[in-house]
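Below you'll find the structure, written out as structure tokens, and then a few comments.
The values are calculated or read from the model by the stated rules, or taken from the named source; none is laboratory data. Only a predicted model underlies this, so the values are computations on that prediction, with no experimental measurement involved. Methodologically, a virtual Cβ is constructed for each residue, glycine included, from the backbone with ideal geometry; neighbour enumeration extends over all protein chains shown.
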Amino acid sequence: MADVPSTPQHGDERRRLDDAASRAEVRREALHAVVVDVTSALESAPLGSDDWSEAVRDALRRLDEGLRNHVRESEMPDGLLAEIVHWQPSYRSRAEAMRAEHETMLTQLDDLTSRMDDDASPAELRQAVSDLVVLVDRHRHKALELVLDAHNLDLAAGD
């Protein structure tokens, strides 16, 4: 990406946004890898077997860790969402929507983990896991769009 340093402060702020975006990209790719693992676990053994339950439970633990890392780092005071709002205050509502999605995903994951322990129907669990995977994947794409939009708006303003 091209720097548009109209002032030294502008260049420093731009680097902060770029750094936050780079860190977020690493987390986004790690989260994608976990989503692939969860999807693979759903297909790893016959539905409802002990092997299936163990594979899905392990994959959900990895998803829990990856998602909580994503949320923590994205919502830090110097995290991506704060940097985007600092750089583009008009994107505050989009950043808040991302935070709300974080809460929704974590709540669904906690609920799903509890249901795994409560002997829920394997078919219902598979559907709930699939729904969560779709939600996480959509969130990843929205996050990428937000970063690209923030950068594109900045580049257009710098012309």
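Which of the residues spanning the stretch 113-137 are under 22 Å from the mean Cα position of the chain (by Cα) and either within 12 Å of Leu42 (Cβ to Cβ) or among the β-branched types (Val, Ile, Thr) (or both)?
Thr113, Leu125, Arg126, Gln127, Ala128, Val129, Ser130, Asp131, Leu132, Val133, Val134, Val136
Which one of the conditions (1) loosely packed, with under 13 Cβ neighbours inside 10 Å; (2) at pLDDT below 95 does Glu103 fail to meet, given that it meets all the rest?
Of (1) loosely packed, with under 13 Cβ neighbours inside 10 Å; (2) at pLDDT below 95, only one is false for Glu103: (2).
Condition (residue is within 26 Å of Arg16 (Cα to Cα) and among the charged types (D, E, K, R)) applied to the stretch 47-66: is it met by at least one residue? Quick ask: steps written out before the conclusion?
At the first step, the residues of the stretch 47-66 found to be within 26 Å of Arg16 (Cα to Cα) are 65-66.
Checking the rest, the ones that are also among the charged types (D, E, K, R) come to 65.
Yes, the stretch 47-66 contains at least one residue that is within 26 Å of Arg16 (Cα to Cα) and among the charged types (D, E, K, R).
Does Ala150 satisfy the condition of being closer than 27 Å to Ala21 by Cβ, of a type in the set (Gly, Ala, Ser), modelled with pLDDT under 90 and surrounded by 14 or more Cβ atoms within 10 Å (Cβ to Cβ)? Working first, answer last.
Working: closer than 27 Å to Ala21 by Cβ: yes; of a type in the set (Gly, Ala, Ser): yes; modelled with pLDDT under 90: yes; surrounded by 14 or more Cβ atoms within 10 Å (Cβ to Cβ): yes.
Yes, satisfied.
Need the failing condition index for Ala30 against (1) part of a helix (DSSP H, G or I); (2) in contact (Cβ under 8 Å) with a residue 60 or more places away in the chain, just the number.
Looking at each condition in turn, Ala30 falls short on (2).
Could you please find all residues in the stretch 114-131 being out of contact with any helix residue (DSSP H, G or I) (no Cβ under 8 Å at 6 or more places or on another chain) and assigned to a helix (DSSP H, G or I)?
Listed by number, the residues that qualify are Ser114, Asp117, Ala123, Gln127.
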